[in-house]
Amino acid sequence: MKKGKGMKFVGDSRISAERNPYIPKDYSEFPGRTEAFWPNYLLKEWLVGSVFLVGFLCLTLAHPSPLEGMADPTNASYIPLPDWYFLFLYELLKYEFASGNWTLMGILVLPGIAFGALFLAPFLDTGPGRRPHQRPVAVGMMLLGLVSVIWLTWSSAAPIDYQARAEQNRPIPPDEQVQVDTSHEGYAIYESNCMSCHGDALQGGGAGPTLIGIDRSAEEIAQIAREGVGSMPPDQFTGTDEELEQLVDFIMTVNEQAQQ
């Protein structure tokens with residue numbers, strides 16, 4: 001072989017000289033179907049997020065959340081409620097298949113299946129289209145999850161009167177707090193019959209409203225203690241007529257002190 005004449009290069013036009021399948025094509029090769037992430041797409045996402053954030057802040061200013069008093073570990077009648085974004089899980093635990101002996105089904109299995117399905121939705125529907133009718137599996141699973149969450153949330157929140165609940169459990173300002181005379185003969189009767197629902201200082205609790213500042217006569221209080229009113233069932237007071245008079249006198253005395 002002579003120097004410089006024994007080596008030749010042969011090229012095949014069917015094979016690309018530069019081929020790298022891991023580098024995506026430039027977005028300019030798909031006109032009308034995609035756009036640059038920065039700044040076009042990111043700016044749109046930021047604008048949409050800002051609109052929702054401003055709307056949410058305006059809603060919280062117009063309708064502030066009703067706050068309740070401090071947690072009382074001695075009040076066994078208080079029914080705690082989760083925040084609104086967990087109400088659908090709270091409602092799920094009311095069904096037989098997700099409560100009792102099946103609690104793990106309601107707190108782990110069913111939510112795990114639901115969120116796992118939403119996580120796998122993009123991998124189950126890999127069609128190239130971007131319109132909803134071209135992605136039936138992913139869109140169907142998302143609509144099913146959205147409808148389920150909205151229905152369960154509404155079913156849980158609709159029967160609850162949040163304003164009345166907050167009023168019953170509202171924190172009592174220092175100027176409204178009264179000193180209860182524990183030496184009063186009616187205090188022991190109140191303690192055994194009413195304290196679990198109305199609090200140790202008549203301030204109200206999870207099951208009963210405050211008894212301070214009520215616009216009731218002694219006869220009306222005695223009648224309510226025997227017959228109940230509203231959500232209060234009858235026969236809550238089981239003492240004698242003399243004990244009922246002592247109880248009513250105790251409640252009236254505390255209210256008179258609060259008005260001074």
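Couple of notes before you dig in:
- Segments classed as helices (runs of 4 or more DSSP H), wholly inside the stretch 36-127, with at least 2 members that are free of Cβ contacts under 8 Å to residues at least 40 places away in the same chain: 42-62, 110-124
The rows are residues; the columns are (1) at pLDDT 80 or above; (2) under 15 Å from GLN179 (Cα atoms).
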residue	(1), (2)
SER217	yes, no
ALA222	yes, no
ASP235	no, no
ILE251	yes, yes
ASN255	no, yes
ALA258	no, yes
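For every residue, the table says whether it meets (1) of a type in the set (Gly, Ala, Ser); (2) loosely packed, with under 10 Cβ neighbours inside 10 Å; (3) at pLDDT 85 or above.
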residue: GLY49; (1), (2), (3): yes, no, yes
residue: HIS63; (1), (2), (3): no, yes, no
residue: VAL109; (1), (2), (3): no, no, yes
residue: ALA117; (1), (2), (3): yes, no, yes
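- Scanning the stretch 135-194 for residues that are at pLDDT below 85, surrounded by fewer than 12 Cβ atoms within 10 Å (Cβ to Cβ) and part of a helix (DSSP H, G or I) returns GLN163, PRO174, ASP175.
- Qualifying residue in the stretch 221-231 (condition: under 25 Å from ARG165 (Cα atoms) and of a type in the set (D, E, K, R)): yes
- Only one entry of ASP215, ASP200 meets the criterion of being charged (D, E, K, R), in a loop (DSSP other than H, G, I, E, B) and surrounded by 14 or more Cβ atoms within 10 Å (Cβ to Cβ), and that entry is ASP200.
The values are calculated or read from the model by the stated rules, or taken from the named source; none is laboratory data. Please read all numbers here as calculations on a predicted model, not as lab measurements. Here Cβ is always computed from backbone atoms with ideal geometry, including for glycine, and neighbour counts include all displayed protein chains.
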